[in-house]
Amino acid sequence: MIIPGAFVLIVISDRLLDVSFEEVASKDIDFLIYFILFTLAYLIGLINNKIADLIFNSWFRNNWYSICCGYNSSHKIKLLLGLTIHRIRIEEQEKRKLLRVYYKAYYYVTYHPINSSIGVMEQQVAFIRNMLIPILLFLVIDRFQESLCVMIILLVVIALFFTMVAIKNKIYQRVWEDYEYLRRLEEQNKR
């Protein structure tokens, strides 16, 4: 929350208020100013996070189609669900069953001692998601609208968005793979 909030604070102070953030930070001032800036950056980061939640969560979080794709790409092995999820359209009951099994697999994998990098990937997705809005804000507020800079920033935003989607899809795939591996490992240990 601090980094996106600080980025927004820097953009706003530097571009709108004509007060350089570096000038404020470099002056020999008391701890109270730093504390206020730090707190303000955190609060702006929380607001940014909530806005990002409203934008992305409705279609990006636990998307059944992406979960199916992750399942299909990780399960060339036997199907756990007994669903014909290679079809694009599945019944609502099958979607709910898929999500239930996915939640079970997700929590089993994330709380298992032999955990892959799912937590790290989720943090990467959250960081990218929370940085998209401040970067776009910088693009809108920036007074130096040079076409090359605008193009570079737009390309970065597009690349970050596709990176975020790719990481999220990798998370879905990794949950299924780890779940299957851990189940097999557990079955071997019981023997």
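For this structure, a couple of remarks:
- For region 98-107, the condition holds for at least one residue, the condition being that it is in a helix (DSSP H, G or I) and at pLDDT below 85.
- Residue in region 24-32 that is at pLDDT 75 or above, small (Gly, Ala, Ser) and either over 30 Å from Glu122 (Cβ atoms) or in a helix (DSSP H, G or I) (or both) present: no
- Matching residues in region 135-180 - criterion: being surrounded by 13 or more Cβ atoms within 10 Å (Cβ to Cβ), in contact (Cβ under 8 Å) with a residue 24 or more places away in the chain and farther than 30 Å from Trp64 by Cβ: Leu137, Phe138, Ile141, Asp142
- Qualifying residue in region 82-91 (condition: modelled with pLDDT under 75, more than 23 Å from the chain's Cα centre (by Cα) and of a type in the set (S, T, N, Q)): yes
- Test: residue in region 53-66 that is exposed (fewer than 10 other Cβ atoms within 10 Å of the Cβ) and at pLDDT below 60: no
The values are calculated or read from the model by the stated rules, or taken from the named source; none is laboratory data. Please read these numbers as outputs of a predicted model, since none were measured by experiment. Note that we place each Cβ from the backbone using ideal geometry, even for glycine, and neighbour counts take in every protein chain shown.
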